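In what follows, a single structure is set out as structure tokens and then discussed.
The values are calculated or read from the model by the stated rules, or taken from the named source; none is laboratory data. Because the structure is a prediction, the values reported are computed rather than measured. When we count neighbours, we look across all protein chains shown, and the Cβ atoms used for this are built from the backbone with ideal geometry, even at glycine. Each accessible area value is taken on the protein alone, full model and side chains, heavy atoms only, with ligands, DNA and RNA left out. Shrake-Rupley method; radii C 1.70, N 1.55, O 1.52, S 1.80 Å.
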Amino acid sequence: MLSKTPPMGFNTWNTFGRNINEQVIKETADAMVEKGLLDAGYEYLVIDDCWSERERDPETGKIVPDKIKFPNGMKAVSDYVHSKGLKFGMYSCAGTRTCDNYPGSYDHEFLDAQTFAEYGADFLKYDFCFKPVSADGPNLYRRMGMALKACGREILFSACNWGNDDVSKWIRSAGAHMYRSTGDINDSFASMRDISMSQIDNLAYSAPGCFNDIDMLTIGMYGKGNVGSTGCNDTEYKTQFAIWCMFSAPLMLGGDIRTLSDDMLALVKNKNLIRINQDEEGRPAFLANGANSKCKAFAKLLSNNEVAIMFVNIGEDDDSCNFYFEDIGITASSGFGLELTDAFTNESIGVKKEFMRFPVKAHDCAVFIGKLAK
Ligand code: GLA
């Protein structure tokens, strides 16, 4: 089964946009291995939009790789990526053109899935631009879902319709393994805050086999690259990673792997956070308190009778977040509480019960892994 846990990898869009080529992909593949990201679980290297010629081959009808960017074709790139132990991802679009106006797969679904299988692709991101008005959005994803099943290769289906058509309700039935539920992220705290918090009510529509994708991470971009905006500081990137992990979101890195700082590398390789994200039960986080406040508490049940707790301050002022243990199901009368270990420092803060208040600076977060204890 694909997507037993949230997919992890790297996608070219946030950093490179149109400026992708064989060299960049090879260097990124090398860096993913050398910097220990593959070992940490980041296995997919996905080429986003702008990889093909502007028109299909008139004779075969196939999409063809840009001859300047990929002079040796896509199979050669895929072979290189595979030789590093990574998996290889491609991109297309459910409409007639991709979002950056390259050929889309509309009415070419089966041929294109076949082409991606010939490349040796393991992943397909499938966008939603240039959809003919007469076409039914959900049906377009069903078509590519079927085409991938017919292509003779196991390919993870990453749907990207930005939350249209109430996507969380039907996308799993179309065969997708992850689905974008929101518009595009940019590299700012406001963007990642609004995108992630918009999905609080949809976190349960995310489970082994198909996960809610709140877009590629911007960690380590500091405002550079293709998606623009002000950039975030390290505290804000820490909060971004914590939210994505707690929300069981796919962890697709978007910053330039070749130049990621040691601090940002350590952040995205944090074993406790990754364990929360990759927990085999894939249970959704839920809001434990703070629905009407900027200081929110989330809980997520983990396997082994553990519970992850995240306090996150999305406000502009330092604050303290709190929750009643009763509200996550641990009654005061039971005598139970949680023995909490800080996911960032690995330090135990002892057993907490009944009520907990925790100071959190503006845009910061705290994450704990708790074991039921008296
Ligand atoms: C859309 C998607 C982005 C990216 C671009 C490429 O905007 O949502 O993630 O794939 O298209 O053009």
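Quick notes on this one:
- Residue list for the range 355-370, given a label point 7 angstrom along the Cα-to-Cβ vector of Glu281 and an amide N cut-off under 17 Å: 368-370
- 12 Å beta-carbon shell around Met246, net charge (K/R +1, D/E -1): +3
- Whole-number D in µm² s⁻¹ for the range 181-305, Kirkwood Cα-pair radius fed into Stokes-Einstein, 10 °C, 1.306 mPa s: 107
- Where Rh is the Kirkwood radius over Cα pairs, Rg/Rh for the range 283-374: 0.95
- Full-stretch length increase - Ser303, Leu372 - with 0.36 nm per residue and alpha-carbon distance subtracted: 23.6 nm
- Spherically averaged projected area of the convex hull of Cα atoms, the range 1-108: 7.6 nm².
- Take every pair of alpha-carbon atoms less than 8 Å apart whose residues are at least six positions apart; their mean separation over the length of the chain yields a relative contact order of 14 percent.
- In the chain, the portion of solvent-accessible area held by carbon and sulfur atoms comes to 48 percent [1.4 Å probe, whole percent, DNA, RNA and ligands not counted].
- Among the trypsin sites (Lys or Arg not before Pro) in the range 87-176, those located in a DSSP loop and surrounded by at most 16 other Cβ atoms within 10 Å of their own Cβ are Arg153.
- Cα-based helix-to-principal-axis angle, 109-119 vs the chain, degrees rounded to 10: 90
- Measuring from each cysteine beta-carbon in the chain, the ones with no other cysteine beta-carbon under 4.7 angstrom are Cys50, Cys93, Cys151, Cys160, Cys210, Cys232, Cys245, Cys365.
- Charge context of Ala40, other residues only, Cβ under 12 angstrom, K/R +1, D/E -1: +2
- In this structure the chain gives 40 Å² per residue of accessible area when probed at 1.4 Å with all protein chains present.
- Each residue was assigned an accessible area with a 1.4 Å probe, and for Ile349 the value is about 60 Å².
- Here the sum of -39500 (n - 2.57) over DSSP H runs of 4 or more residues, divided by the residues of the chain, equals -7000 deg cm²/dmol at 222 nm, to the nearest 500.
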